[in-house]
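Report on the following structure.
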Amino acid sequence: MQITLSQKERLLLEDLKSHEEICILKYSNYANQAQDTQLKQLCKNNEQIERTHLDTINQLLNGTVPQMNQQQNQNSTQTPEVAKQTPSNISDKDICSDLLMAEKYVSGTYDTAIFEFKDTEVRDVLNHIQKEEQKHGESIFKYMESKGMYNVQ
């Protein structure tokens, strides 16, 4: 389905695109820096899903509403051109804290964007991505909790 985006919708998608690019970079960098193999794999898995999110946002920016039951991986091998901003000797706990904070922020940004789009199908696509961002946060939280890094009292 083809759509015409308002200026505000386009700006929101550009913001979401930059957030996805940063998430890809974070997960990629942290997968290489993590000490624990379970955390390395979590980062690699989430990175691949973030790449799919970026592909979806790019499709929306091109005026196409993607089918959510199909894999969108046109750009999945490309790494965003963003400067590396992560310390090289960061602890697994700090990696998780940073990733969890990023996922909370990105999920909130999707929430705001969802309310700003007039097209129901686009809202559904963005809602789908937001749910996956929340699952990323949940996977990080569960990892942290299992390793004694996050204490729910």
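The values are calculated or read from the model by the stated rules, or taken from the named source; none is laboratory data. A quick note: this is a predicted structure, and the numbers were derived from the prediction, not measured. Cβ sites come from the backbone with ideal geometry, for glycine too, and all protein chains shown count toward neighbours. Surface accessibility is based on the protein's heavy atoms, side chains included, excluding ligands, DNA and RNA. Shrake-Rupley method; radii C 1.70, N 1.55, O 1.52, S 1.80 Å.
Residues whose amide H falls under 5 Å from that of THR64, counting only those 5 or more places apart or on a different chain, are ILE3, with hydrogens built in the peptide plane.
Neighbours of VAL65, meaning other residues whose beta-carbon lies under 14 angstrom from its beta-carbon, give a summed charge of -3 when Lys and Arg score +1 and Asp and Glu score -1. Only helical runs count toward this figure. For the chain, summing -39,500 (n - 2.57) over DSSP H runs of n ≥ 4 and dividing by all residues gives -24000 deg cm²/dmol at 222 nm. Rounded to the nearest 0.05, the FRET efficiency derived from the C-beta distance between ASN45 and GLU116 at R0 = 35 Å is 0.75. Within the accessible surface of the chain, defined with a 1.4 Å probe on protein heavy atoms only, the carbon and sulfur portion equals 45 percent.
Ordered by solvent-accessible area of protein heavy atoms (1.4 Å probe), largest first, the residues ASP111, ASP55 come out as ASP111, ASP55. Per residue, the range 82-153 exposes 60 Å² of accessible surface when a 1.4 Å probe is rolled over the protein heavy atoms with every protein chain present.
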